[in-house]
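Data first, discussion second: the structure below is written as structure tokens.
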Amino acid sequence: MKVLVAQEDDSSRIALEAALAKLGHEVVAARDGLEALHELRVAGAPRLAILDRKLTAWDGVAVCREIRKNTAPPYTYLLLTSTEGEDGELTEGIKAGADDVLMKPFTAAELAVRLQLAQRVLKLQDEAEKAQAAIGYQTTHDPLTGLANRAATLDTLHRGAARAGREGSRMAILLVEVDRFKEINEIYGMVAGDAVLRETARRIRSIIRPYDSVGRYASEEFLIIVPGSDAQSARGQAERLRAALSSESMDLSQWGKFATGDANKVNVTLSVGIAAGEKVKESATLLRPVEAALARAKQAGPNRLEIAAETEIR
């Protein structure tokens with residue numbers, strides 16, 4: 001692994017570099033504390049640092065304290081080296097964030113053991129961070145479609161509305177529903193219905209712009225947030241979405257054989273409600289009218305869209 005070495009005197013640094021190279025590690029050398037701090041902050045920085053207590057510019061304790069101010073991953077393991085008889089200073093180092101202390105002089109065997117411990121701690125730390133990230137993903141994403149779930153989507157909408165109100169900008173939202181989804185479930189089964197939702201989500205993602213957001217709003221409903229857009233621009237996007245779904249049927253052959261029509265395929269269409277406004281400030285300003293617009297589209301549909309009137313945006 002890549003190891004940063006910062007030692008007070010050249011002889012200690014050279015000996016430590018040689019020992020680390022013999023153990024198969026890549027060494028990054030620093031002449032003083034400021035250089036060590038810089039090397040630990042750059043992209044691809046070493047995950048393990050061996051810092052002398054008595055570095056110039058910034059000592060090892062100060063470097064530890066500064067590194068620990070940043071709690072974002074990845075974690076850096078800090079090994080402080082010092083001379084016998086500096087117990088008080090070593091206690092200060094641990095309080096400053098050092099993970100371990102290695103007293104000089106030390107043997108190659110002692111160094112190897114400490115490095116094994118450091119690698120074990122870093123591995124556990126990485127596993128904990130991955131687990132935490134997985135938990136965070138699960139709490140914000142819909143497990144079926146991989147889209148943001150309702151809570152996360154509404155949070156994005158709340159923040160977008162606040163930004164539009166603050167900046168005086170436009171924004172639009174589209175509420176999209178898969179037509180006759182209950183019939184799809186009844187005819188083809190819920191497993192196939194799930195496949196329809198996953199494919200619908202995939203096609204929506206392929207159409208929206210990189211800075212738009214989409215999430216699963218309800219069972220067969222998807223909410224698309226379109227910043228900087230007016231009603232007519234949003235309408236154009238809605239038409240592209242409807243075309244992307246209706247132009248090509250979905251193949252359900254992998255889910256079984258069916259005794260209706262073209263047994264392996266289902267045609268899917270969308271009903272869409274659109275609401276757009278300027279300086280909206282609050283998400284409810286658009287949510288209420290977009291739900292009403294979708295209801296009108298479904299009543300007139302299937303495969304229809306309706307735009308909320310300006311008088312509804314208030």
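The values are calculated or read from the model by the stated rules, or taken from the named source; none is laboratory data. Because the structure is predicted, anything quoted here is derived from the model rather than measured. Virtual Cβ from ideal backbone geometry, glycine too; neighbours counted across all protein chains shown.
Hey, any hits in segment 272-283 for a residue that's in a helix (DSSP H, G or I) and either modelled with pLDDT of 95 or more or within 18 Å of Asp155 (Cα to Cα) (or both)?
At the first step, the residues of segment 272-283 found to be in a helix (DSSP H, G or I) are none.
Scanning segment 272-283, I find no residue that is in a helix (DSSP H, G or I) and either modelled with pLDDT of 95 or more or within 18 Å of Asp155 (Cα to Cα) (or both), so the answer is no.
Restrict the check to segment 78-90 and report whether at least one residue is in contact with a Gly (Cβ under 7 Å, 6 or more places away or on another chain), closer than 17 Å to Asp212 by Cα and buried (at least 19 other Cβ atoms within 10 Å of the Cβ).
No, because not a single residue in segment 78-90 is in contact with a Gly (Cβ under 7 Å, 6 or more places away or on another chain), closer than 17 Å to Asp212 by Cα and buried (at least 19 other Cβ atoms within 10 Å of the Cβ).
How many residues does segment 145-184 hold that are touching a helix residue (DSSP H, G or I) at 6+ places or on another chain (Cβ under 8 Å) and over 21 Å from Val272 (Cβ atoms)?
Final tally of qualifying residues: 4.
Does Val42 qualify as being out of contact with any Phe, Trp or Tyr (no Cβ under 6 Å at 6 or more places or on another chain), in the same structural domain as Leu102 (by TED's automatic domain parsing) and crowded, with 17+ Cβ neighbours inside 10 Å?
So Val42 does not fit the description; no.
Against the definition (outside any helix (DSSP H, G or I) and of a type outside the set (S, T, N, Q)), how does Ile173 come out, yes or no?
Against the criterion (outside any helix (DSSP H, G or I) and of a type outside the set (S, T, N, Q)), Ile173 qualifies.
Would you confirm, using the coordinates I've provided, whether Leu117 is more than 16 Å from Val226 (Cβ to Cβ), in contact (Cβ under 8 Å) with a residue 40 or more places away in the chain, in a helix (DSSP H, G or I) and not assigned by TED's automatic domain parsing to the domain that holds Arg202?
No.
Working only within segment 296-310, note down all residues that are at pLDDT 95 or above and over 9 Å from Ser271 (Cα atoms).
Arg296, Ile307
So which residues in segment 289-314 are over 13 Å from Leu174 (Cα atoms) and either touching a Cys at 6+ places or on another chain (Cβ under 9 Å) or not in a helix (DSSP H, G or I) (or both), if there are any at all?
Residues satisfying the conditions are Gly301, Pro302, Asn303, Ala309, Ile313, Arg314.
Being among the hydrophobic types (A, V, I, L, M, F, W, C) and on the phi > 0 side of the Ramachandran plot, is that true of even one residue in segment 34-43?
Taking segment 34-43 as the starting set, the residues that turn out to be among the hydrophobic types (A, V, I, L, M, F, W, C) are 34, 36-37, 40, 42-43.
With on the phi > 0 side of the Ramachandran plot added as a condition, the list becomes none.
Checking segment 34-43: not a single residue is among the hydrophobic types (A, V, I, L, M, F, W, C) and on the phi > 0 side of the Ramachandran plot.
Can we say Asp230 is at pLDDT below 90 and either in contact with a Lys or Arg (Cβ under 9 Å, 6 or more places away or on another chain) or assigned by TED's automatic domain parsing to the domain that holds Ala161 (or both)?
no
Mind telling me which of the residues Gly215, Gly165, Gly160, Gly146 ends up being more than 21 Å from Ser246 (Cβ to Cβ) and at pLDDT 95 or above?
On the way: Gly165 fails: at pLDDT 95 or above; Gly160 fails: at pLDDT 95 or above; Gly146 fails: at pLDDT 95 or above.
Gly215 is the lone residue from the list that is more than 21 Å from Ser246 (Cβ to Cβ) and at pLDDT 95 or above.
Among the residues of segment 260-282, count how many are farther than 30 Å from Ile187 by Cβ, touching a Gly at 6+ places or on another chain (Cβ under 8 Å) and either buried (at least 20 other Cβ atoms within 10 Å of the Cβ) or not assigned by TED's automatic domain parsing to the domain that holds Gly228 (or both).
1
Would you mention how many residues in segment 60-94 are at pLDDT 90 or above and of a type outside the set (A, V, I, L, M, F, W, C)?
10
Rundown of residues vs (1) surrounded by 20 or more Cβ atoms within 10 Å (Cβ to Cβ); (2) at positive phi, yes/no style:
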position: Gly168; (1), (2): no, yes
position: Ala172; (1), (2): yes, no
position: Met190; (1), (2): no, no
position: Ile207; (1), (2): no, no
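Give me the helices (runs of 4 or more DSSP H) completely within segment 9-109, filtered to those with at least 2 residues that are out of contact with any helix residue (DSSP H, G or I) (no Cβ under 6 Å at 6 or more places or on another chain) and free of Cβ contacts under 8 Å to residues at least 12 places away in the same chain, ordered by residue number.
Passing ranges, in order: 10-22, 87-96.
Inspect all residues belonging to segment 207-216 and state whether any of them is touching a Lys or Arg at 6+ places or on another chain (Cβ under 6 Å) and closer than 24 Å to Ala295 by Cα. Spell out how you get there, then give the answer.
Here is the first cut: in segment 207-216, the ones touching a Lys or Arg at 6+ places or on another chain (Cβ under 6 Å) are 207.
Restricting the remaining residues to those that are closer than 24 Å to Ala295 by Cα gives 207.
Checked against the condition, which is being touching a Lys or Arg at 6+ places or on another chain (Cβ under 6 Å) and closer than 24 Å to Ala295 by Cα, segment 207-216 yields at least one hit.
Restricting to segment 209-221, count the residues that are of a type in the set (A, V, I, L, M, F, W, C) and closer than 14 Å to Pro143 by Cα.
Adding up the residues that qualify gives 1.
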